[in-house]
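A short write-up of the structure that comes next.
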Amino acid sequence: MNLNDLQAFAHSMIENNRAECDFVEYKKSYQQEDKILKTICAYANNFMNRDYGYLFIGIEEQDDKVDGVKAIPVRPITGLLERQLEVAEKHIKSLFKIYSQHQHVILFLIKLMANGI
């Protein structure tokens, strides 16, 4: 997959309210360091032999009480402010240095947009 394919797949996951699973994780804030480290560790273990793991920052998850589906994106998407993007990216990439460089984790920092995602 090239970067455009990965981005298109990520966008479709959000649009379709994809629930968290073994390769999709949502975090409301880049400051949830313990939870992000836990996700990075899980992806590094790669028990399901996935090529990629998606970590979305700026998306809060909730359980759908009607359908019983756990950990779907909360609407509207919270996102990150423009001024937070670079800081968040540097902070999270510093956490990745703890683990193997060959692990493929796709990090998406969700920018807050006036018209939504």
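Below is a table of values for the structure above.
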{"item": "Bridge type composition, segment 3-109 - antiparallel percent by DSSP, nearest 5", "result": "25"}
{"item": "Neighbour cut-off at most 11 other Cβ (10 Å), DSSP loop, chymotrypsin sites (Phe, Trp or Tyr not before Pro), segment 21-77", "result": "PHE47"}
{"item": "Loop trypsin sites (Lys or Arg not before Pro), segment 20-90, which have at most 10 other Cβ atoms in a 10 Å radius of their Cβ (DSSP)", "result": "LYS65"}
{"item": "Estimated FRET transfer efficiency when R0 is 25 angstrom, pair GLN62-GLU82 (beta carbons, to 0.05)", "result": "0.50"}
{"item": "Which of ILE72, ILE36, ILE57 has the fewest Cβ neighbours within 10 Å, and the rest in rising order", "result": "ILE72, ILE36, ILE57"}
{"item": "Residue-count net charge about LYS35 - beta-carbon cut-off 15 Å; Lys, Arg +1, Asp, Glu -1", "result": "-3"}
{"item": "Burial ordering of GLU20, GLU15, GLU33, fewest other beta-carbon atoms within 10 Å first", "result": "GLU15, GLU33, GLU20"}
{"item": "Sorted by Cβ neighbour density within 10 Å, fewest at the top, the residues LEU37, LEU81, LEU55", "result": "LEU81, LEU37, LEU55"}
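Laboratory data are not the source of any read-out in this text; all were calculated from the coordinates shown. Values in this document were obtained by computation on a predicted structure and should not be read as measured data. Positions of Cβ are backbone-derived with ideal geometry, glycine not excepted, and every protein chain shown enters the neighbour counts.
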